[in-house]
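Student: Mind having a look at this structure? Questions to follow.
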Amino acid sequence: MYLLRLALASLANRRFTALLTVFAIALSVTLLLAVERVRTEARASFASTISGTDLIVGARSGSVNLLLYSVFRIGNATNNIRWDSFEHFAQHRQVKWAIPISLGDSHRGYRVMGTSAAYFEHYRYGRGQPLEIAQGRQFEQDPFEVVLGAEVAETLGYGLGEEIVLAHGVATVSLVKHDDKPFKVVGILKRTGTPVDRTLHISLAGMEALHVDWQNGVPARGAGKVSAEQARHMDLQPKAITAFMLGLNSKIATFAVQREINDYRGEPLLAILPGVALQELWGLMGTAEKALLVVSWFVVLTGLIGMLTAILTSLNERRREMAILRSVGARPWHIAGLLVLEAFALTLAGVLLGLALLYLGIALAQGYVQVQYGLYLPLAVPSRYEWALLGAILGAALLIGSVPAWRAYRQSLADGLSIRL
């Protein structure tokens, strides 16, 4: 105990250097824990981009490709699905609800998705959170109504009642636009931090109305052109969609329904479990995740080496102090223990300050991060893995502190009391 008091008194005597060292370690600890917390929660948030959906069904391709275009609006489908195939499985005895998805158009770089009212009722993200309307309402009877994601409305400056023109294809700059059939903004969704924010939502009838006078991917000209008013009075039942999502009555039936869809003889279909596909996709990004963690460890190591440098540098200034301690009865291992305790005390103070900075940062940024990025950072006690990281840092401090301790241990009394010119 007296060695600890002596170590603290010695650090207090060199308070400015000690505080800088503690602050450097605290920043590195904060960075390490912040990266680990963000990594963990980002993985959980990524996995909950879509929740409550048991199966996603699309044309037969790869599971990651189907997940990317149906949930993340990235890439394109290899083929469409016939409407009667969707109806067949939507009426399946094990299916509780079904959400059709039709893609292919865009607006100023943002994807347009045709769907039904079931999308707003059953789609879930995060921890089972439903979609909510921030302004206006859902699309209803008129096929030329659009509900905007929060990012679309904010970035493009759109409000309720504005008319917008959609473009054919998904390129940022499109040469083919549906100028004759403008859509009216009737609703804006609350921010979710998911791809929903970057999507324009229209009805399936609206998607069909856009292309009612198109043939072989080319718009009709002259007498064959259909106006928006004419389209309103036409049969706008879709003939094909891009994909659909299913919610089942029982989780136990998931694999049976998945197998039935994959073996469907009507047309080649692929049913995937969103959670499994998300884990597969996250695995593809594992290298970047590990690289970020390695960088954080190197930052911590830099902080500990800074502490080692500070202690080693102070040894020459403290030779007389060590010699006096030896002269009053301190043994060599007392001197070594003093330096190890100083290193441990500096690191412990840095760890505690780092934890305080981490929780202060989470408290200040929690709301903003969740709204902007859909990433929930809880003010929870450190996990078992985080405690292990902190324990590893303290263990490394003891190991690093043994370097100056060994050097001081070997110094002699005469060397400390002699005056060097």
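Student: Of all residues in segment 256-283 being of a type in the set (G, A, S) and in a helix (DSSP H, G or I), which is farthest from G126 (Cα to Cα)?
Tutor: Checked segment 256-283; the qualifying residue farthest from G126 (Cα to Cα) is A256.
Student: A further question follows. Of the residues in segment 1-54, how many are at pLDDT 85 or above, among the small types (G, A, S) and farther than 30 Å from L308 by Cβ?
Tutor: Here the count works out to 2.
Student: Under 27 Å from Q91 (Cα atoms), over 40 Å from the mean Cα position of the chain (by Cα), modelled with pLDDT under 90 and acidic (D, E) - does that describe any residue in segment 222-231?
Tutor: No, segment 222-231 contains no residue that is under 27 Å from Q91 (Cα atoms), over 40 Å from the mean Cα position of the chain (by Cα), modelled with pLDDT under 90 and acidic (D, E).
Student: Between residues in segment 190-214 that are closer than 17 Å to L156 by Cα and in the same structural domain as D142 (by TED's automatic domain parsing) and residues that are outside any loop (DSSP other than H, G, I, E, B) and of a type in the set (D, E), which pairs lie under 8 Å by C-beta distance while being six or more apart or on different chains?
Tutor: From residues that are closer than 17 Å to L156 by Cα and in the same structural domain as D142 (by TED's automatic domain parsing), the pairs are R191/E151; R191/D197; D197/E151; R198/E151.
Student: Could you tell me which residue of segment 32-83 is nearest to Y119 (Cα to Cα), considering only residues that are of a type in the set (D, E) and assigned to a helix (DSSP H, G or I)?
Tutor: Restricting to residues being of a type in the set (D, E) and assigned to a helix (DSSP H, G or I), the top hit is E41.
Student: Checking Q141 against (1) more than 30 Å from the chain's Cα centre (by Cα); (2) surrounded by 15 or more Cβ atoms within 10 Å (Cβ to Cβ); (3) under 28 Å from L246 (Cα atoms), which test does it fail?
Tutor: Just one mismatch for Q141, condition (2).
Student: Then there is this: Quick test for you: out of G109, G157, G126, pick the one residue that is assigned by TED's automatic domain parsing to the domain that holds S227, modelled with pLDDT under 95 and surrounded by 16 or more Cβ atoms within 10 Å (Cβ to Cβ).
Tutor: G126
Student: Assuming T115 fulfils every condition listed in (1) of a type in the set (V, I, T); (2) touching a Phe, Trp or Tyr at 6+ places or on another chain (Cβ under 7 Å); (3) over 30 Å from E386 (Cβ atoms) apart from one, which condition is it?
Tutor: (2) is the only condition that T115 fails.
The values are calculated or read from the model by the stated rules, or taken from the named source; none is laboratory data. From a predicted model like this one, the values you see are computed outputs, not experimental measurements. All Cβ positions, glycine included, derive from the backbone under ideal geometry; neighbour counts span all protein chains shown.
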